[in-house]
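Reading through the structure tokens given below for one structure.
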Amino acid sequence: MYERMLNKQATPTIEEMTEFCGENGERFSLLNGWLTDSFQTEQKIVFPYGNSYGWGIAHRKKNKLVCNIFAEINAFTVMMRLSDKQYQTVYPRLRKYTQEYIENKYACGDGGWIHYRVTCKEHLDDIKALLSVKVS
């Protein structure tokens, strides 16, 4: 249903990744632009963690990873890590969908990783709130 771009031999362009996201292509483009414009992140197309992750865009600020955004059919997934304190600062303002991702995060030291699938405007709003906490 939400297949990713898994052909490691063919590096996609950002335009191809946007088109691959189908009905959420505009949101994919908006989020990438927002991160670069608002926080001066550097974008790089990557195939980072093995065959099941596929192609995505890594956003870095001063060589520190902010997030990876993986293109999917009709969606995209943002992979990011926050500390428990960072999650707590924004948790009450988030929708139940987003809170469940935080509750089920992959624990890693103080905090953990989420793989947050964006399929609508409300999801985009919540991931922007989480990313704002990450970068500030």
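What to note about this one:
- When each of 92, 48 is tested for being more than 23 Å from residue 103 (Cβ to Cβ) and either crowded, with 16+ Cβ neighbours inside 10 Å or not charged (D, E, K, R) (or both), the lone residue that passes is 48.
Results for (1) among the β-branched types (Val, Ile, Thr); (2) modelled with pLDDT under 95; (3) closer than 21 Å to residue 102 by Cα, shown as yes or no for each residue.
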site	(1), (2), (3)
16	no, no, no
21	no, no, no
42	no, no, no
52	no, yes, no
78	yes, no, yes
87	no, no, yes
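- Verdict on residue 76 being of a type in the set (Phe, Trp, Tyr), out of contact with any Asp or Glu (no Cβ under 8 Å at 6 or more places or on another chain) and under 14 Å from residue 118 (Cβ atoms): yes
- Search result, residues across the range 1-35 that are part of a helix (DSSP H, G or I) and closer than 17 Å to residue 127 by Cα: 24, 25, 26, 27, 28, 29, 30, 31, 32, 33, 34, 35
- Unmet criterion (only one of (1) modelled with pLDDT of 95 or more; (2) of a type in the set (A, V, I, L, M); (3) over 16 Å from residue 132 (Cβ atoms)) for residue 6: (1)
- Elements of the type strands (runs of 3 or more DSSP E) sitting completely within the range 36-84 and holding at least 2 residues that are in contact with a His (Cβ under 8 Å, 6 or more places away or on another chain): these cover 42-46, 64-72, 75-82.
- Checking residue 48 against (1) out of contact with any Lys or Arg (no Cβ under 9 Å at 6 or more places or on another chain); (2) over 19 Å from residue 21 (Cβ atoms), the condition it does not meet: (2)
- Residue in the range 13-22 that is of a type outside the set (Phe, Trp, Tyr), closer than 21 Å to residue 136 by Cα and touching a residue at least 40 places away in the same chain (Cβ under 8 Å) present: no
- Within the range 103-136, considering residues that are buried (at least 19 other Cβ atoms within 10 Å of the Cβ) and of a type in the set (A, V, I, L, M, F, W, C), the one nearest to residue 81 (Cα to Cα): 114
The values are calculated or read from the model by the stated rules, or taken from the named source; none is laboratory data. Small disclaimer: the values here were computed from a predicted structure and weren't measured. Positions of Cβ are backbone-derived with ideal geometry, glycine not excepted, and every protein chain shown enters the neighbour counts.
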